Amino acid sequence: MTIMIPAWVEGVLSPVEKLDAHLRGLRHKAVSVFLICDGKILIQRRALGKYHTPGLWANTCCTHPNWDEPSQTCAARRLHEELGLRDISTEFRGQVEYRADVGAGMTEHEVVDIFVAHTKTQPVIKPHPEEVMDFDWVGFEDLATLVVETPAKYTPWLKIYLSTFADTIFTDAERFT
């Protein structure tokens, strides 16, 4: 199945095949979600079949919207498709941009709409095996330490989010609960 995502080609936002956008390093739209429960962030380990960064740990959910798909709709869709989660209310925290080599000759150059969601109890996670091979709940400070101490286990974007954009993504209460 061909997935067309919004990417800028010669300055014009256009539908581009997802793999092609990564191979060409095109600037493109993305969505990232951080689900927080009781002071812990849900992180996921990407399935080994993913075409880039397989087996690495990432934030709760990260993806690309389909062409003409609103970001919030995309966030809800991917929470369900990747982790089996429904009816999770997300809050837009801002937009960030980064560029990172993700291996195999591919580049993520993303303009990311960031969403945070809170739950009072840990929901039942039903990971889709083609997307997610494992998941864990980790406190912000512990996650920040793990990413610094064992960076090879984490996706480039998670490292960038924590080192560069933590103030945009997380409130003080979310970081130090």
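The values are calculated or read from the model by the stated rules, or taken from the named source; none is laboratory data. If you're wondering where the values come from, they're calculated on a predicted model, not measured in any experiment. Ideal geometry is used to build each Cβ from the backbone, glycine not excepted, and the neighbour counts take in all protein chains shown. Remember, those area values only see protein heavy atoms, side chains included, never the ligands or the DNA or RNA. Shrake-Rupley method; radii C 1.70, N 1.55, O 1.52, S 1.80 Å.
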TODO: Report whether or not Q122 is over 19 Å from T171 (Cα atoms), in contact with a strand residue (DSSP E or B) (Cβ under 7 Å, 6 or more places away or on another chain) and not hydrophobic (A, V, I, L, M, F, W, C).
DONE: yes
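Looking at segment 46-69, which of its residues are among the polar types (S, T, N, Q) and either in a loop (DSSP other than H, G, I, E, B) or over 14 Å from the mean Cα position of the chain (by Cα) (or both)?
T53, N59, T60, N66
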Task: Yes/no for E174 being among the acidic types (D, E) and assigned to a loop (DSSP other than H, G, I, E, B) - done: no
Task: One residue from G94, G84 being out of contact with any strand residue (DSSP E or B) (no Cβ under 6 Å at 6 or more places or on another chain) and either among the aliphatic types (A, V, I, L, M) or under 30 Å from G139 (Cβ atoms) (or both) - done: G84
Task: Meets criteria (of a type in the set (A, V, I, L, M), crowded, with 17+ Cβ neighbours inside 10 Å and either within 12 Å of the chain's Cα centre (by Cα) or at positive phi (or both)) for I43 - done: yes
Task: Pairs where the first residue, in segment 27-54, is of a type in the set (G, A, S) and the second is open to solvent by less than 40 Å² (accessible area, probe 1.4 Å) and assigned to a loop (DSSP other than H, G, I, E, B), C-beta under 6 Å, 6+ apart - done: A30/H64; S32/N59; A47/E131
- [ ] Kindly establish whether D113 is among the charged types (D, E, K, R), assigned to a loop (DSSP other than H, G, I, E, B) and either under 13 Å from the mean Cα position of the chain (by Cα) or loosely packed, with under 15 Cβ neighbours inside 10 Å (or both).
- [x] no
Open item on the list: Can you confirm whether R78 is assigned to a strand (DSSP E or B), touching an Asp or Glu at 6+ places or on another chain (Cβ under 9 Å) and of a type outside the set (S, T, N, Q)?
Closed with: no
- [ ] Kindly indicate whether E130 is surrounded by fewer than 19 Cβ atoms within 10 Å (Cβ to Cβ), modelled with pLDDT of 95 or more and outside any loop (DSSP other than H, G, I, E, B).
- [x] no
TODO: Hey, can you tell me all the residues within segment 145-167 that are of a type outside the set (S, T, Y) and either without any contact (Cβ under 8 Å) to a residue 40 or more places away in the chain or over 17 Å from V112 (Cβ atoms) (or both)?
DONE: L146, V147, V148, E149, P151, A152, K153, K159, L162, A166, D167
Task: Total residues in segment 13-40, condition outside any strand (DSSP E or B) and surrounded by 21 or more Cβ atoms within 10 Å (Cβ to Cβ) - done: 2
- [ ] Out of the residues in segment 59-109 that are hydroxyl-bearing (S, T, Y) and in contact (Cβ under 8 Å) with a residue 60 or more places away in the chain, state the one that is most open to solvent (accessible area, probe 1.4 Å).
- [x] T107
